[in-house]
Protein chains: 2
Amino acid sequence: MTGGDIERLIQLLAKVPGLGPRSARRAALHLLKRKETALEPLADALVAAAEKVRTCSTCGNLDGIDPCSICVDQNRNLTIICVVEDVADLWALERAGGFRGQYHVLGGTLSALDGVGPDDLNITGLVNRAHDENVVEVILAMGATVDGQTTAHYVIDRLADCGVSVSQLAHGIPVGGELDYLDDGTISAAMKARRPI
Amino acid sequence: MTGGDIERLIQLLAKVPGLGPRSARRAALHLLKRKETALEPLADALVAAAEKVRTCSTCGNLDGIDPCSICVDQNRNLTIICVVEDVADLWALERAGGFRGQYHVLGGTLSALDGVGPDDLNITGLVNRAHDENVVEVILAMGATVDGQTTAHYVIDRLADCGVSVSQLAHGIPVGGELDYLDDGTISAAMKARRPI
């Protein structure tokens, strides 16, 4: 139907999350029509990312340097480590702002169903970091899912003799959320975790 | 928030149709986590496409060769030219199958609103091709939109003294369409164009 190069580009674009076979064709056409302004810059950015971006050996973040720019930032609080499932969660917390400590990326959650055990996650690295005398608090920022909370409980056990205080993100009504549209679990959690004004 | 290379990749992915800022982050992370299997092949495909894919000087199709593989295919009917607005439409017709003639890509539709006049489209190229004594039929396959039909009428005028028969794709009820859900215009068009069984 189309040239081999175009066909191959469409196939690879179709594997990008958010794009399917149909939108991959549209994306490929968009890029091919705008070689100088869209296709080549994207190709360059991908090549640069492939060459330069690596996983931080300390925290598991992705960055152009190792240790990553968060780990080496002297203006950040070195005494608090926030544990997240994935780099995407780290990015979300950075976008939200307000947290200026360190991170630790586990690389997923424990999941019996998917066969993910403790050795598949970067938990030992976290325990080693928590043993550092400078670290005083570990914040667990896993998702409020079954797997996320299972992982949180496991991490709490592993951190028991590290001499750090462990906290967890608050569960409750999301900002802007209407009670009427929220699930029962969230409302119960918010009720249990109510705070005096 | 993230390394400059990652930020730049996200920004460029966000401009791809089908991806927004949010899904671009997800796509970037997906690619960065799968360097060998996803990121590098996509980068290679983009580089190859940038180098090799060009616009066919005959019909306006995109392909790795010029004239394109459809124009040089000796098994295709050289006497019929199907006129489409865009390469995407050409691809759609090829996917649908059934047409084994030549194509001509106009590169858009006439649009007073967007300031697109006849000189902005590849209409002169079509008229020149239609003057070829081998060409006996021109099929207009523009969309059933106001701009598409305006363009079709203009092209019909320009082809008047080329000595070719001009036809247009049938308008009517789409296959699988239920009358109850169709707009009045489609139903009227289908009624007007009704055919004896």
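The values are calculated or read from the model by the stated rules, or taken from the named source; none is laboratory data. Not measured: the values here are computed from a predicted model. As a convention, Cβ positions derive from the backbone with ideal geometry for all residues, glycine included, and neighbour counts pool all protein chains shown. Just the protein is used for accessible areas: all its heavy atoms, side chains included, with ligands, DNA and RNA removed. Shrake-Rupley method; radii C 1.70, N 1.55, O 1.52, S 1.80 Å.
A few points about this structure:
- Shielding value for A:10-21 is 6, the average number of Cβ atoms from other chains within 10 Å of each residue's Cβ.
- Nearest-first distances (nm) between copies at B:PRO174, label 7 Å from Cα via Cβ: 3.2
- Computed from the C-beta positions of B:THR145 and A:ASP119, the FRET efficiency with R₀ = 56 Å rounds to 0.45.
- Qualifying trypsin sites (Lys or Arg not before Pro) in region B:1-55, DSSP loop, other Cβ atoms within 10 Å at most 12: none
- Between helix B:4-14 and chain B: long-axis angle, C-alpha atoms, 0 to 90°, nearest 10: 20
- Overall, region A:94-197 carries a charge dipole of about 380 debye about its Cα centre when +1 sits on the Cβ of Lys and Arg and -1 on the Cβ of Asp and Glu, all other atoms neutral.
- Residue-normalised convex hull volume from the C-alpha trace of region A:36-95: 114 Å³ per residue.
- Annotated for chain A: lysine pairs at least 8 residues apart or interchain, Cα distance under 24 Å, count 4.
- Stokes-Einstein diffusion coefficient of region A:75-197, Kirkwood radius over Cα pairs, 10 °C, 1.306 mPa s, in µm²/s: 102
- Computed E for A:GLU51/B:ALA14 - FRET, C-beta separation, R0 30 angstrom, nearest 0.05: 0.90
- Interface between chains B and A: roughly 4500 Å² of accessible area buried, both sides summed (probe 1.4 Å, protein heavy atoms only).
- Taking chain B as a Gaussian network of alpha-carbon nodes connected by springs under 10 Å, the highest mean-square fluctuation of the residues B:GLY101, B:GLY60, B:GLY176 belongs to B:GLY176.
- Exam field: A:ARG54 pseudo-label spacings to other copies (7 Å along Cα-Cβ), nanometres: 4.1
- Net charge of neighbours whose Cβ lies under 11 Å from the Cβ of A:GLY172, counting Lys and Arg as +1 and Asp and Glu as -1: +3
- Gaussian network model of chain A, Cα within-10 Å springs - most flexible of A:ILE80, A:ILE173, A:ILE70: A:ILE173
- Chain A - percent relative contact order, Cα under 8 Å, separation 6 or more: 13
- Per residue of B:171-182, other chain Cβ atoms within 10 Å of the residue Cβ number 0 on average.
- Peptide B:54-66 shows a mean partner chain C-beta count of 2 within 10 Å per residue C-beta.
- FRET efficiency for the pair B:ALA189 and A:ARG34, taken as 1/(1 + (r/R0)^6) with r the Cβ-Cβ distance and R0 = 35 Å, rounds to 0.50.
- As computed over region B:22-139, the Cα convex hull volume per residue (Å³): 158
- Scattering curve values for the protein assembly as shown, log₁₀ I(q)/I(0), Debye with Cα scatterers, q = 0.08, 0.09, 0.10, 0.11 Å⁻¹: -0.63, -0.74, -0.83, -0.91
- In this structure the amide hydrogen of A:GLN168, modeled in the peptide plane, comes within under 5 Å of the amide hydrogens of A:LEU140, none closer than 5 places in sequence on its chain.
- For region B:137-184, Kirkwood radius (reciprocal of mean inverse C-alpha pair distance, Å): 12.4
- Inverting the pair-averaged 1/r between distinct Cα atoms of region A:1-50 gives 11.2 Å as its Kirkwood hydrodynamic radius.
- Split the accessible area of the protein assembly as shown by element, probe 1.4 Å, and carbon with sulfur accounts for 52%.
- What region B:62-168 shows is 48 Å² of accessible area per residue, with the surface traced by a 1.4 Å probe over protein heavy atoms.
- Nearest-first distances (nm) between copies at A:GLY185, label 7 Å from Cα via Cβ: 4.7
- Cα→Cβ-extended label distance, 7 Å offset, between B:GLN74 and A:VAL72, nm: 6.3
- Dividing the summed helix terms, -39500 (n - 2.57) for each DSSP H run of n ≥ 4, by the number of residues in chain B produces a 222 nm estimate of -12000 deg cm²/dmol to the nearest 500.
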